[in-house]
Amino acid sequence: MLLINVGIMASLYIGARLFEHHSDKKSIIQKMSGDARQCVSTENTGIEKAHDHLFKVSSAAMGLSVISYLYPPLRLLNIAVIAYITFPILKQAEKSLLEKRRIKNDLLTSLVSILSIGMGQYFAASLQAWSYHFGGKMVNKSQDTSTQMLTNVFEQQPSKVWVLKDRQEIETPLESLNVDDIVVVKAGEIVPIDGTISEGMAMIDQHALTGEDMPAEKAIGDQVFAATIVISGCVYIKVEKTGVETTVAKLGEILSHTAYFKTSLQLKGEKWADKVATPLISVSALASPLLGASSATAILYSAPSNTIRIMTSLQTFNHLSLISNKGILIKDGRALEELTPIDTVLFDKTGTLTTGEPEVGEIIRCDDIGEDEILSYGAAAEQRLTHPIARAIVKKAKEQHLNLPDISDANYKIGYGVTVSFNNQIIKVGSARFMTMEGITLPSTIEEAIRHSQEEGDSLVMVAINDQIKGAIEMQAQVRPEVEQIIKGLRQRGIQQIAIVSGDHKQPTQKLAEKLGMDNYFYEVLPQDKASLVEQLQKAGHKVCFVGDGINDAIAMKKANVSISLRGASSIATDMAQVVLMDGTLSRLCDIFDISKQLNANLEHSLLFWAGYGVFNITTASLLRFGILQSTIVLGIVFGLGIGHAMLPLRQLEQEKGKSD
């Protein structure tokens, strides 16, 4: 019977391979042997469908195996179905032997399936094929989760700009811009390209590029850069550089080396399974005369390669689901592994530790007018504007319960500042440069305050009435409310060194570091110097995580062991980061470290668990003469326990949802 069934399987396989050779059509089996790492392609969709199809047929084959024991006429159909689901495994084994000249898990699985069929153990053969295809399905599932999360992020990136042609604004795809095109950028919009202002003036937030908290004043002839934000005003920018990557190009490049990952523990498990394939086949062959064909075949169960693939992929997939539910995007799964040994965390200052929204600090007086009155006039002038500085001033006035004058009929002149008129008074609110342009002299008190604020990294908004400066409102960077708690949480998790790395001046950087209890701070650091600092720490034996949000952080993020950015950060920082905090805050930073530790611990437990099973199976097959049937039953029980362990993250997710409800 053994030889007859094996002969039938061999004949069917050879016949199928000959038919494939002469057929121009791609079958499902051919798709299974394709390269599963070709991202964003129709081939990847075909492979996914093939895995899903073969998994479903394998599940049906197990049911058919049980029924065929009760109704023998179905056995021939059962053998045909098992042969169909085993062919892709045989092809991979053939490829390993002929092309790579290696004995791997595919050959081991093929032998178990063929010998099981040969001895009439159809359920065991079906189970082997089912576990193989289930493993492929779970690997694809975890990869698809990463791909979809990345796609969702990049679909929301702006891809079109407004270009001035024949004095008309025309919406144009970003990638179709040419040198010397004129791009129109208004308040609240992101500058999409590098260029020079040809018309207009604006306040531009450049912190993503320079690390400075306060916005810069830009006018005709000034350079502007991509990823900076126009806070107020409107500018016409002459394009100087093109070659902007499209959304599809960015997505394809990132997916090609990030979404399809395996941790070293996963690879270790798969390599272990492949390495023991040859010894197990040899031991099984030598033991066959002594133990019999059934027990000798059962020895081959001792390297549960398919089960290891299933469990490690399922563990990774479930932890990715847990992370995704917390609003964290993992672009490169290797970061989950690298986070565990991290002992140093470096934070960019502006936009990472501080928000994009400034807050009102000191009110400077230079006349007999009171602080509340200065704030009231400033808020009255700014209340119809939407940029961050205006919002901060109006917010402070409301907190102080100040009554703002009614200026509904005011005349606004928006540039570096705003001019309003009411009750026979002209109020001008804006920067020192705005006041100078308006011909207003700066008092010595204000000039001294400007020097002091620049040293501290702050800025001043002047308030003038009838061309007389009455005072100024100091604007300070606002520290994220969650930062202090996050610093404490990182220390509790064993992070030895926490520091600020900023392009800002010494005083504001030092002041913030002392306020937050940082171990160190680095100021006026150029982008390339940030990367050098990361390298120095790594050479000293440290594992470094860099948390940043700007273009000036990109080089350091690439050098770091793990890079983290926030949603809403500059495009290049989001592209470069391995992890993106999708809620735009640092609130979930500690959760990443916790889940990383949990995943690595669970993967280690899984490998130890299945190594223990392998030893147990060899012992029972050798000493207790367990055959294919007994080994299949034991494998089924152990497999169920492994699935239960792998599903723990989802139970944790359900508990967290229950608490939130």
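The values are calculated or read from the model by the stated rules, or taken from the named source; none is laboratory data. The shown structure was predicted, so the numbers you read here are calculated from the model rather than taken from an experiment. Cβ coordinates were reconstructed from backbone atoms using ideal geometry, including for glycine residues, and neighbour counts include every protein chain displayed.
Quick look at the values:
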| item | result |
| --- | --- |
| Matching residues in the stretch 374-394 - criterion: being surrounded by fewer than 24 Cβ atoms within 10 Å (Cβ to Cβ) and in contact with an Asp or Glu (Cβ under 8 Å, 6 or more places away or on another chain) | PRO388, ALA390, ARG391, ALA392, VAL394 |
| Residue check for ILE450: of a type in the set (Val, Ile, Thr) and touching a residue at least 24 places away in the same chain (Cβ under 8 Å) | no |
| Lone qualifier among GLY188, GLY233 - being at pLDDT below 80 and either surrounded by fewer than 18 Cβ atoms within 10 Å (Cβ to Cβ) or aromatic (Phe, Trp, Tyr) (or both) | GLY188 |
| Matching option when the condition is under 14 Å from SER302 (Cα atoms) and at pLDDT below 85, among GLY644, GLY636 | GLY636 |
| Members of the stretch 574-615 found to be touching a residue at least 60 places away in the same chain (Cβ under 8 Å), under 30 Å from ALA226 (Cβ atoms) and not hydroxyl-bearing (Ser, Thr, Tyr), listed by number | ASP575, ALA577, GLN578, VAL579, VAL580, LEU581, MET582, ASP583, LEU586, ARG588, LEU589, ILE592 |
| Test result for ALA227, at pLDDT below 80, assigned to a helix (DSSP H, G or I), within 30 Å of ASN178 (Cα to Cα) and not charged (D, E, K, R) | no |
| Test: residue in the stretch 406-419 that is more than 24 Å from VAL230 (Cα to Cα), at pLDDT 80 or above and surrounded by 14 or more Cβ atoms within 10 Å (Cβ to Cβ) | no |
| The stretch 495-508 residues that are within 15 Å of PRO341 (Cα to Cα), paired with ones that are assigned to a loop (DSSP other than H, G, I, E, B) (beta carbon under 6 Å, 6 or more apart) | GLN496/ASP343; GLN497/ASP519; ILE498/MET518; ILE498/ASP519 |
| Pairs with Cβ under 6 Å, 6+ apart, first in the stretch 634-649 and over 19 Å from VAL615 (Cβ atoms), second surrounded by 13 or more Cβ atoms within 10 Å (Cβ to Cβ) and polar (S, T, N, Q) | ALA646/GLN315; PRO649/ASN318 |
| From the options LYS271, LYS275, residue that is at pLDDT 70 or above, out of contact with any Ser or Thr (no Cβ under 9 Å at 6 or more places or on another chain) and of a type in the set (Lys, Arg) | LYS275 |
| Residues within the stretch 336-378 that are over 40 Å from the mean Cα position of the chain (by Cα) and assigned to a helix (DSSP H, G or I), tallied | 8 |
| Among the residues listed as GLY457, GLY439, GLY471, the single one being farther than 30 Å from ASP519 by Cβ and in contact (Cβ under 8 Å) with a residue 60 or more places away in the chain | GLY471 |
| Qualifying residue in the stretch 69-87 (condition: within 40 Å of the chain's Cα centre (by Cα), among the polar types (S, T, N, Q), buried (at least 16 other Cβ atoms within 10 Å of the Cβ) and at pLDDT 55 or above) | yes |
| When residues of the stretch 467-497 are limited to those that are polar (S, T, N, Q) and in contact with a Ser or Thr (Cβ under 8 Å, 6 or more places away or on another chain), the one farthest from ILE364 (Cα to Cα) | GLN496 |
| Filter result (buried (at least 20 other Cβ atoms within 10 Å of the Cβ) and under 17 Å from the mean Cα position of the chain (by Cα)) within the stretch 589-619 | LEU589, ILE592, PHE593, ILE595, SER596, LEU599 |
| Selection count where residues are among the basic types (Lys, Arg) and under 11 Å from GLY503 (Cβ atoms), scope the stretch 515-531 | 1 |
